[in-house]
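Every read-out reported here was derived from the displayed coordinates using simple, explicitly stated rules and does not represent laboratory data. Worth saying up front: this structure is predicted, and the values here are computed from it rather than measured. Positions of Cβ are backbone-derived with ideal geometry, glycine not excepted, and every protein chain shown enters the neighbour counts.
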Amino acid sequence: MIDHLSLGTRRYVESVAFYQRVLAPLGLQLLRDTGQEAAFGTPERWCFFLYPVPADEAVVAGRGTHVAFAAPSRAAVQATHAAALQQSGLDIFTPRQRPDISETYFGAMFSDPDGHRIEVTTNAG
């Protein structure tokens, strides 16, 4: 089981603001920002972190890698995806059912300011 996830970013300030807005529909908030670490989650469970990386870092987002956040509802999937696009995220796939994945899957995917692919998904009807 995964406890938490950290991503590197060349665009730290922009990425912190992006995730503050994008993760809000999932009930996740910015809990700490030291300028060297941004922590997101709930007061009970810190689960997502951003760290600045040097501008000359060869690779920040790995090809084929993506992060998936669980959403409590289809409405939360749609709200998260919409928030990402409003914050200049790039659409990879719009909120929809994907019976090729499972009969209950509903999700969307977008990229963040560094090109990390972010999925938000639910199995709620």
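Taking every DSSP beta bridge that has both ends in the chain, the antiparallel portion is near 65%. Each residue, Q29 and Y105, gets one label point 7 Å from its Cα in the Cβ direction; the gap between the two is 3.3 nm. Just to verify a number: FRET efficiency for D56 and S6, C-beta to C-beta distance, R0 = 25 Å, to 0.05? Calculated transfer efficiency: 0.80.
Please compute the length gained on full extension between L90 and A17, using 0.36 nm multiplied by the number of residues separating them and subtracting their Cα-Cα distance.
Details: separation 73, 0.36 × 73 = 26.28 nm, distance 1.57 nm.
My answer for the length gained is 24.7 nm.
Charge dipole (Cα centre; +1 on Lys/Arg Cβ, -1 on Asp/Glu Cβ; no other charges) of the range 80-125 amounts to roughly 100 debye. Using the rule -39500 (n - 2.57) for each DSSP H run of four or more residues, divided by the residues of the chain, the 222 nm mean residue ellipticity is -6500 deg cm²/dmol.
Using the average count of surrounding beta-carbon atoms within 10 Å as a protection proxy, the listed peptides 23-35, 54-66, 76-88, 93-105 rank, highest first, as 76-88, 23-35, 93-105, 54-66. Summarising the amide proton neighbourhood of T9: residues at separation of 5 or more, or on other chains, whose placed amide H is nearer than 5 Å comprise Y51, V53.
Normalising by the residue count of the chain, find the relative contact order in percent from Cα pairs under 8 Å and 6+ residues apart. Please report the intermediate quantities before stating the final value.
Details: 248 pairs, mean separation 31.7, N = 125.
Relative contact order for the chain comes out at 25 percent.
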